[in-house]
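Here's the structure we're looking at; comments come further down.
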Amino acid sequence: MSAESTPESGIPDDAGTAGPRHRAKGRRRKPRDKRRKGMVVMAWTAAGIVVLGGTGAGYLYFKLNGNINSVDIDQALGTDRPDKADNGSENILVLGSDTRSGSNQALGGGADDGSARSDTAMIVHVYKGHKKASVVSIPRDTLIDRPQCTDTDGNTHDAASGVMFNSAYTTGGAACAVKTVESMTDLRMDHYLELDFSGFQKLVDDLGGVKITTTEDISDSDSRLNLKAGTHTLTGKQALGLVRTRHGVGDGSDLGRIQLQQAFIKALIDQVKNVGLFGNPKKLYDLADTATKTVTTDSDLGSVNKLMSFANGLKGISSSNMTMVTMPVQYDPANANRVLVEEAKAKMVWKALKNDRAIPKAATEGTATGQAKGVVRSS
């Protein structure tokens, strides 16, 4: 099986389909500390919700504008970065933060140790014309060489070799996460969006739930999820459990969880497009209020007007026009709980995005997967 999580191609010309299933022989993924559970990122869809909310509740502009948090990544990173693309495409780094502080501790479990992790990371590449997109998930357990970086407070953090990908965010926040992704891919991240536990749950509830179908039972006490095979309209709590679950489906790895997350995002986008928000002003405002309180953006998107303009350009992208893959990796022979970048195949992915082309099928064939493909789908 390839690392792709969806059978259809979001790029009509030559995007890939699933290849042969691969799994490291004789190895099972060991359960990780349940405090380090990840979450799916809804900032991509939250941006679209902000567009609708801003249009339907324009008189509340100043309140919504005051909700938004932003970080000046450009100032922190300076000029030593990949060049901006000049082909009409855009790259957005979308992260999920699992800080255990405040209302997130009850949802995430574990102690409030003052730290936060980017347990979910996606590069969203929007093609020229803004009618289709490719999404590349980066497994948090990937061992990488982290570059030296400066955070938004001006503190410099040393480079490190052979560390987990999500250590970049823990070490230096958004700026170091962007620096690390740009170092790995040689792609300029034009924008940054971040969402946390409590915001994700409330967005799903404000939306009225998300309808999905599961092809098998999913039971995971760590993520507090118990779903029988069949069709469900998930509450925010259930949705959070689904996108955090590891041990209830597939091989128990983070790669399997990524496949569930990607399938859920497609269902979520379908739900947003079909919910009929313009006929319900209260729901419009509730969603806009939650979305603007929930997301942290780069400073270029740090106002309602800018976020609205950006998200308005994404409204033409439907779930059927999104290709979702996982960065090509293989399990680390020395540690079954880690993965290694499959460099040659990963370069094929980054080259395709740099040239605003579809990700070739060969880039994801034969790479590691969590064996959870097809367990969740839109209803």
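The values are calculated or read from the model by the stated rules, or taken from the named source; none is laboratory data. This structure is a prediction, so every number in the text was calculated from the model and none was measured. A quick note on method: Cβ atoms are made from the backbone with ideal geometry, for glycine too, and the neighbour counts reach across all protein chains shown. Accessible surface areas use protein heavy atoms only, side chains included; no ligands, DNA or RNA. Shrake-Rupley method; radii C 1.70, N 1.55, O 1.52, S 1.80 Å.
Annotation: R357 carries an accessible surface of approximately 150 Å², with a 1.4 Å probe and no ligand, DNA or RNA atoms counted.
For K63, neighbours were defined as the other residues whose beta-carbon sits under 11 Å from its Cβ, and their charges (Lys and Arg +1, Asp and Glu -1) total 0.
Ordered by solvent-accessible area of protein heavy atoms (1.4 Å probe), largest first, the residues S318, S309 come out as S309, S318. Please state the Cα pair-distance histogram of region 225-379 with 10 angstrom bins from zero: what percent is in each bin? Taking all Cα pairs of region 225-379, the binned fractions are 9, 28, 34, 24, 5, 0 percent. From the Kirkwood radius over Cα pairs of region 290-372, Stokes-Einstein at 4 °C and 1.567 mPa s returns a whole-number translational diffusion coefficient of 81 µm²/s.
Give me the percent of Cα-Cα pairs in region 162-282 that sit more than 20 Å apart, rounded to a whole number. I get 54 percent for the Cα pairs in region 162-282 exceeding 20 Å. Counted by Cβ distance under 12 Å from T152, the other residues give a net charge of -4, where Lys and Arg count +1 and Asp and Glu count -1.
If you take all other residues with their beta carbon under 11 Å from the beta carbon of K179, and give Lys and Arg +1 and Asp and Glu -1, the sum is -1.
In terms of accessible area, using a 1.4 Å probe and ignoring ligands and nucleic acids, E216, E194 rank largest first as E216, E194. With 29 Å as the limit on Cα-Cα distance, the pairs of K63/K84; K202/K347; K131/K354; K306/K361; K306/K347; K128/K211 that go past it are K63/K84; K202/K347; K306/K361; K306/K347; K128/K211. Projecting the Cα atoms of F165, A229, L240 onto the charge dipole of region 162-310, computed from C-beta unit charges around the Cα centre, puts A229 farthest toward the positive end.
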